[in-house]
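Beneath this line is the structure, given in structure tokens, with notes to follow.
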Amino acid sequence: MTPALLWLIAGVLLIGAEILSGDFVLVMIGAAALGAAGSSALGMPLGVDVAVFAALALGLVLLARPALKRRMFVQRELKTNADALVGKQARVESTVDAQGGQVRIDGQLWSARALDETQVIEAGRTVTVMEIAGATAVVWAEP
């Protein structure tokens with residue numbers, strides 16, 4: 001077997017093994033082996049093939065892999081339940097003050113109180129949900 005074929009087989013096997021690990025290390029080393037296979041196919045001596053493999057492996061594992069992982073595994077914060085309501089607009093159904101009132105958020109009626117204790121918000125106004133405290137929406141209306 002020629003060195004180029006050995007590098008090619010190693011590269012394909014490493015990339016195939018990546019399916020089991022999923023950490024992007026084996027695919028980077030496999031790509032480096034494919035680069036070395038190309039170098040060997042061009043008739044370069046074994047020392048050059050090894051240098052190409054080492055340089056590509058280091059470069060891919062240290063530079064390309066972190067960027068690829070960041071891009072592939074972006075953690076998007078998924079807000080659910082009451083957390084999803086914070087920041088939404090609501091319509092005041094009955095006067096809201098520091099003691100209570102009612103607002104409609106996404107079509108559902110909620111107990112509410114004003115964030116600012118001095119604020120009295122009349123029915124019909126639009127407010128912003130600042131937080132959910134238990135089963136009560138704490139709201140704020142722009143002055």
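Quick look at the values:
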read-out: Residue match in the stretch 53-65 (condition: open to solvent by less than 60 Å² (accessible area, probe 1.4 Å), assigned to a helix (DSSP H, G or I) and either touching a residue at least 40 places away in the same chain (Cβ under 8 Å) or within 30 Å of ALA133 (Cα to Cα) (or both)); value: yes
read-out: Restricting the stretch 87-103 to residues that are closer than 15 Å to MET130 by Cα and not in a loop (DSSP other than H, G, I, E, B), the residue that is most open to solvent (accessible area, probe 1.4 Å); value: ARG91
read-out: Of residues in the stretch 35-81 being farther than 23 Å from GLU18 by Cβ and polar (S, T, N, Q), the one modelled with the lowest pLDDT; value: THR80
read-out: Every pair of residues 6+ apart whose Cβ atoms lie under 8 Å, when the first sits in the stretch 121-134 and is β-branched (Val, Ile, Thr) while the second is assigned to a loop (DSSP other than H, G, I, E, B) and open to solvent by less than 40 Å² (accessible area, probe 1.4 Å); value: ILE121/GLY101; ILE121/ALA141; THR126/ALA141; VAL127/ALA141; THR128/ALA141
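The values are calculated or read from the model by the stated rules, or taken from the named source; none is laboratory data. None of these values were measured; they are calculated from a predicted model. Note that we place each Cβ from the backbone using ideal geometry, even for glycine, and neighbour counts take in every protein chain shown. These accessible areas exclude ligands, DNA and RNA; they are computed on the full protein's heavy atoms, side chains included. Shrake-Rupley method; radii C 1.70, N 1.55, O 1.52, S 1.80 Å.
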